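Inspection log for the structure reproduced underneath, given as structure tokens.
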Amino acid sequence: MQNATPMLRQYQEIKRQHPGTLLFFRLGDFYELFFDDAVIGSKELEITLTARHRERGTPVPMCGVPYHAASGYIGKLVRKGYRVAICDQTEDPKKTTKLVRREVVRIITPGTAIDSQLLEARENNYLASVFGAGQGMAAAFLDLSTGEFVVTEFAGEAAWQQTLDQLDSFGPREIIFPRSLEPLFKTGAKHEREGEANNEAEAFAIAGRETSLNPQDEWVFSFESSRDLLLQHFDVASLDGFGLAGKEMAVTAAGAALQYVRETQRAEALHITGLSYFEPNDYLILDSTTARNLELVEALDGSKQRTLAGVLDDTVTGMGSRLLKQWMLRPSMKKGEITARLDAVEELKNALILRDRMRSELKKVSDLERLTGRISLGRATPRDLVALKNSADAIPLIRELLADATTSLLEVLNESLDELTDIRELIERGLDPEPPATMNDGGYIRAGYNAELDELRELASSNKTIIAQIESRERARTGIASLRVKFNNVFGYFIEISKSNARNVPPNYERKQTLTNAERYTTPELKEYETKVLGAEERILEIEQELFNAIRQSVGLEARRIQADAQALATLDVLLSFAEVAARRNYIRPALTEEDEIYIRAGRHPVIEDAAGRFIPNDTYLNNSTDRLVVLTGANMAGKSVYLRQTALIVLMAQAGSFVPADEARVAIVDRIFTRVGASDNLARGRSTFMVEMTETANILNTATPRSLVLLDEVGRGTATFDGLSLAWAIAEYLHENPQHAAKTLFATHYHEMTDLAKLLPGVRNYQMAVRDSGGTIVFLRKVVEGSASKSYGLEVARLAGLPLGVIERAREILTNLEANELDVTGKPKLARHLPSRKKQDQPTLFEVVNEAVIDELRNLDVTDLTSEQAIEVLRKLKERVM
């Protein structure tokens, strides 16, 4: 920009160094945005867009927000996917006559937010780092707000799909990756939006939420630099202790994540005290489709209440709530770990008084994980440290309550709790127990902690008294009764004496100013006092800041101890929540088995039961031999989908370590749960309902194992009847017969012909949703019983829905035609023909329909009107239709 002021030139230079960000530029008491940033900021923040330098003929767009309220505005931008660079004044304007030096002190991105205003208290905020080479992929997940840092890697043709599965599971807010992987993310994305101007990150739908995509230059993902950074950060000589021996891709992904955090935070993030490598088969895998269909953390209508998390989450701390969701979204596959959780839940469930007392103490505990993150990154306030101290004060009593625990996990938690005595004492000695909300005015260091600070505070608070004492003493010494000690901003403190008393002024008085009727003087004592008092307030703030920084740094060095306590208390909170819910809702302990059997007696859907207050229970039995695939038929609205979902939720809850809603449950440990329940058009990506359905089904058929649980609801309904039935039949056969993918399957369908599978395949069983039909009025019994439904009661459901009576009657007539097997030569039903009502028959199978239709066609065929060529053609068509 021509004729730019020095300040704008400074802004433009800093902006060039940080492309792809919105630059918050500190000017006095405001953060200002200029040029394109201002246009975006005013629109997104709904604030006034103004202009600077209009008088120069080239107005500069500008908008701003008060610096003390900036967090709320920044949070709004970050939640929309923007990256915000904070440019602060890095020198005191009072100490320079030149342009104040400014630097970017932090870049806030969706995946690196740590301030409480930018985060959801009960949700993790992951940054994902994805790296791939050849047929291998790696993914690291880092929650900067808590310090949690994990990584995994995959090999083979399925590596990208496995990476997507983990992204679905962790639900990161931001993903970084080398630019070479951009095509994969673009084709693998489940949702995209246009990137806004000045915002490089695109949107990518992961686990039902928009995730910011942030491609990086290839050099960022260097194995050597990543390895060296990790070694230096953790102060170790080898990464083998983290499980990373021979895992170069995992090291690269993790190192890139840590480097990104350091660059954006301008700090070392010492609260990231460890890195854990995990194998994908350590956890039950749930893709985003399954998590959405099962309504684990968000209902299909977008609400948070009527979800499994809403039922199970009775935690009293934010860190407990986050851990519960981790256990729920990534249930364990380790029998020993699950059993230890169930043992602890059982003990706590049976100890009502102990449970209530521990939950009461936990309510006093703040979010230690996020407090530790803010402390280590230098963002914590005095109130944060006092909250840490108050939280730690609850630990001794919690340990006392746990002293008599008998289950192994509770004993381990008790032993791992550190009472943090030294940290509590330091904060107790150093900080006021009720510090102010902001640090601007001081007052947060406790009296008695620092002698110089106490002296300055005494000086500042006793200013009037000291001035009065000096004035009284000087009057007595000089004998001048009208002598006054005064102050102004130009001359500071001075002694004012009228001209008539000038002859009595002592020799040690120094003249400062002559007025018409008075003279003003100073003394060595007054000079010394002036120096002290004028610098006292400023020095008080400096000393308090220095002392607080030292305390914060000392506490930050103990991050590992605080995090260990946070993990133990979060685990205890989840176990108490599971126990509380189990006791309140009459859940029972499931029996975990590594065999192939799933048996649930009188199982209930936890969410529907919680909402409705009552629920009709049902049994479930599946194994990998005699009951491998259950074909479930029945009327619409009879409860087929609910039955499928409740089976999956009970299995999932058991592997998370929770008690379950049933009278008895023996649950085989499963490696994946798949659902194909409902579908919606994705018109923006040119994908129809049926395409979505088939894509999801393909993923199941290609990925399921004999240890998986598959729920299929109305597969094939998105296309023509015979096409859909043929696909449904083939899919069921594949899941039954293929040794690699023969999963335990619940298959709900309206294709009653599917029940014939039980006659052909030994592992197929037929069940139906019981319905009472009384004179055309149907009652849904919500019970699953053996056998197959003879009809779908679709017309009765349509009548209940309020369709016009004429439509219902005509539909009955058409149904009568279909049940009479009235198909023409091409195999299509003669729907247009009106026939008198005839006696209803049981719905025939697909094969009977076609074969009997062929016989009817031959019986009614008038050969006298056919040429030889026409007769041959008709016979050819009929022959093709015979089964």
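The values are calculated or read from the model by the stated rules, or taken from the named source; none is laboratory data. The shown structure was predicted, so the numbers you read here are calculated from the model rather than taken from an experiment. Cβ coordinates were reconstructed from backbone atoms using ideal geometry, including for glycine residues, and neighbour counts include every protein chain displayed. These area figures cover heavy atoms from the full protein model, side chains too; ligands, DNA and RNA do not enter into them. Shrake-Rupley method; radii C 1.70, N 1.55, O 1.52, S 1.80 Å.
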Point to revise | For Gly492: the one exception among (1) closer than 30 Å to Ile445 by Cβ; (2) open to solvent by 80 Å² or more (accessible area, probe 1.4 Å) | key: (2)
Exercise for review: Please go through segment 609-621 and pick out each residue that is open to solvent by less than 50 Å² (accessible area, probe 1.4 Å) and either among the acidic types (Asp, Glu) or in contact with a helix residue (DSSP H, G or I) (Cβ under 8 Å, 6 or more places away or on another chain) (or both).
Suggested key: Glu609, Phe615, Asn618, Thr620
Revision key, fill the gap. Leu735 meets each of (1) modelled with pLDDT of 85 or more; (2) in contact with a helix residue (DSSP H, G or I) (Cβ under 8 Å, 6 or more places away or on another chain); (3) surrounded by fewer than 22 Cβ atoms within 10 Å (Cβ to Cβ) with one exception, condition (3)
Review point. With respect to Phe487, is the statement that it is free of Cβ contacts under 8 Å to residues at least 24 places away in the same chain, in a strand (DSSP E or B) and of a type in the set (A, V, I, L, M, F, W, C) true?
Key: yes
Practice item. For segment 248-269, state whether one or more residues are more than 27 Å from the chain's Cα centre (by Cα) and surrounded by fewer than 15 Cβ atoms within 10 Å (Cβ to Cβ). Key: no
Exercise for review: Give segment 581-612 a look and list any residue that's of a type in the set (D, E, K, R) and touching a Leu at 6+ places or on another chain (Cβ under 8 Å), or say none.
Suggested key: Arg589, Glu597
Check your understanding: How about segment 72-123: which of its residues are free of Cβ contacts under 8 Å to residues at least 12 places away in the same chain, part of a loop (DSSP other than H, G, I, E, B) and farther than 21 Å from Glu13 by Cβ?
Key -> Asp92, Glu120
Practice item. Residue by residue through segment 462-475, note down the ones that are surrounded by 11 or more Cβ atoms within 10 Å (Cβ to Cβ) and either out of contact with any Ser or Thr (no Cβ under 9 Å at 6 or more places or on another chain) or farther than 15 Å from Tyr521 by Cα (or both). Key: Ser462, Asn463, Ile466, Ile467, Ala468, Gln469, Glu471, Ser472, Arg473
Check your understanding: Of all residues in segment 390-436 being surrounded by 15 or more Cβ atoms within 10 Å (Cβ to Cβ) and among the small types (Gly, Ala, Ser), which is nearest to the chain's Cα centre (by Cα)?
Key -> Ser391
Check your understanding: From the residues in segment 177-232 that are open to solvent by 50 Å² or more (accessible area, probe 1.4 Å), under 18 Å from Thr112 (Cα atoms) and not in a loop (DSSP other than H, G, I, E, B), which one is modelled with the lowest pLDDT?
Key -> Glu202
Exercise for review: For segment 683-703, name all the residues that are modelled with pLDDT of 75 or more, surrounded by 13 or more Cβ atoms within 10 Å (Cβ to Cβ) and not charged (D, E, K, R).
Suggested key: Phe690, Met691, Val692, Met694, Thr695, Thr697, Asn699, Ile700, Leu701, Thr703
Exercise for review: Would you mind stating whether Ser360 is open to solvent by less than 40 Å² (accessible area, probe 1.4 Å) and either more than 12 Å from Thr407 (Cβ to Cβ) or touching a residue at least 40 places away in the same chain (Cβ under 8 Å) (or both)?
Suggested key: no
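Residues checked against (1) polar (S, T, N, Q); (2) crowded, with 21+ Cβ neighbours inside 10 Å:
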position	(1), (2)
His18	no, no
Ala38	no, yes
Ser71	yes, no
Arg79	no, no
Arg102	no, no
Pro110	no, yes
Check your understanding: Assuming Val485 fulfils every condition listed in (1) at pLDDT 90 or above; (2) over 21 Å from Ala536 (Cα atoms); (3) of a type outside the set (Phe, Trp, Tyr) apart from one, which condition is it?
Key -> (2)
Check your understanding: Can you name the condition, by its number, that Pro93 falls short on among (1) closer than 21 Å to Phe24 by Cα; (2) at pLDDT 95 or above; (3) of a type outside the set (Lys, Arg)?
Key -> (2)
Check your understanding: What number of residues within segment 42-64 are surrounded by 15 or more Cβ atoms within 10 Å (Cβ to Cβ) and more than 18 Å from Met7 (Cβ to Cβ)?
Key -> 4
Review point. Taking segment 131-147, which residues are surrounded by 23 or more Cβ atoms within 10 Å (Cβ to Cβ) and not small (Gly, Ala, Ser)?
Key: Phe131, Met137, Phe141, Leu142, Asp143, Leu144, Thr146
Practice item. Check whether at least one residue in segment 22-44 is at positive phi and modelled with pLDDT under 95, and report yes or no. Key: yes
Practice item. Please verify whether segment 562-581 includes one or more residues that are open to solvent by 70 Å² or more (accessible area, probe 1.4 Å), of a type in the set (D, E, K, R) and out of contact with any strand residue (DSSP E or B) (no Cβ under 9 Å at 6 or more places or on another chain). Key: no
Study note, to complete from the structure: Taking segment 744-788 and keeping only residues that are among the small types (Gly, Ala, Ser), assigned to a strand (DSSP E or B) and under 28 Å from Glu733 (Cβ atoms), one is left with Ala748, Ala770
Review point. Can you pull out the residues in segment 274-302 that are among the hydroxyl-bearing types (Ser, Thr, Tyr) and open to solvent by 30 Å² or more (accessible area, probe 1.4 Å)?
Key: Ser276, Tyr277, Tyr283
